[in-house]
Amino acid sequence: GKVDEMIEKFSIVKTLQAIKDAHVIVVVLDAREGVVEQDLHLIGYALEAGRAMVVAINKWDAVEEKTDKTMKEFRDKLEHDFSFMAYVPFVFISAKTGQRIDRLFELVKYVNEQNSVRIATGMLNDVLANATARVEPPSDKGKRLKIYYLTQASTKPPTFVFFVNKAELFHFSYQR
């Protein structure tokens, strides 16, 4: 029991250091096990660090009794489990056979490029105008949130700054 605990602690410390040092994180899940609690914790750390991410489901060749719907069902479950990061791509691979490994590297390159993109303020404000037209900003006690404009402050991770009349009215659910 103590050996497992020490190995677990050591692996978490090394993983956290790797997250800090990485530009792109590839989360490798076992297709036979699916998502486990520890995976979600480490993914949470990667999100907090603002790292680009790809989820690779390994050992896809070892999944027994596959049908033409197996991958879609697995993907649907993953999308549910990872609903808080719907923008992260998934790829089903087999390290043993090399199946879709080239696709994995394409995705790593793609998410790294996307993490570096700078969006013009004008374009952001057009998107903001469409979004606020669809869903009005919240109000509290007769005071309505006004969003004056939006700009991108940095990349890696893309960070956006909203200029508003009252920040306390800008609820996190509306920001999302």
- Evaluate the stretch 106-123: report whether one residue or more is in contact with a Phe, Trp or Tyr (Cβ under 8 Å, 6 or more places away or on another chain), farther than 18 Å from residue 19 by Cα and open to solvent by 60 Å² or more (accessible area, probe 1.4 Å). no
- (1) surrounded by 13 or more Cβ atoms within 10 Å (Cβ to Cβ); (2) among the small types (Gly, Ala, Ser); (3) within 30 Å of residue 30 (Cα to Cα): which one isn't true of residue 86, the others all being true? (1)
- Task: With the checklist (1) of a type in the set (Asp, Glu); (2) out of contact with any Ser or Thr (no Cβ under 9 Å at 6 or more places or on another chain); (3) closer than 18 Å to residue 28 by Cα in hand, flag the one item residue 64 doesn't pass.
- Result: (3)
- Quick one: is residue 91 outside any helix (DSSP H, G or I) and either under 23 Å from residue 114 (Cα atoms) or not charged (D, E, K, R) (or both)? yes
- Message: Looking at (1) in contact with a strand residue (DSSP E or B) (Cβ under 8 Å, 6 or more places away or on another chain); (2) in contact (Cβ under 8 Å) with a residue 40 or more places away in the chain; (3) among the hydrophobic types (A, V, I, L, M, F, W, C); (4) not in a helix (DSSP H, G or I), which one does residue 117 not meet, given that it meets all the others?
- Response: (1)
- Query: Counting just the residues of the stretch 58-83 that are at pLDDT below 85 and part of a loop (DSSP other than H, G, I, E, B), which one comes out least open to solvent (accessible area, probe 1.4 Å)?
  - Reply: 82
- Message: Of everything in the stretch 131-176, what is part of a loop (DSSP other than H, G, I, E, B), closer than 30 Å to residue 113 by Cα and either polar (S, T, N, Q) or touching a His at 6+ places or on another chain (Cβ under 6 Å) (or both)? Give them in sequence order.
- Response: 155
- If a residue has to be hydrophobic (A, V, I, L, M, F, W, C) and open to solvent by less than 40 Å² (accessible area, probe 1.4 Å) to count, how many in the stretch 9-41 make the cut? 8
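The values are calculated or read from the model by the stated rules, or taken from the named source; none is laboratory data. The structure presented is a predicted model; accordingly, all values stated were derived computationally and were not measured. Every residue, glycine among them, receives a Cβ derived from its backbone with ideal geometry; neighbour counts consider all protein chains shown. When the accessible area is computed, the model is the full protein with side chains, heavy atoms only, and any ligands, DNA or RNA have been set aside. Shrake-Rupley method; radii C 1.70, N 1.55, O 1.52, S 1.80 Å.
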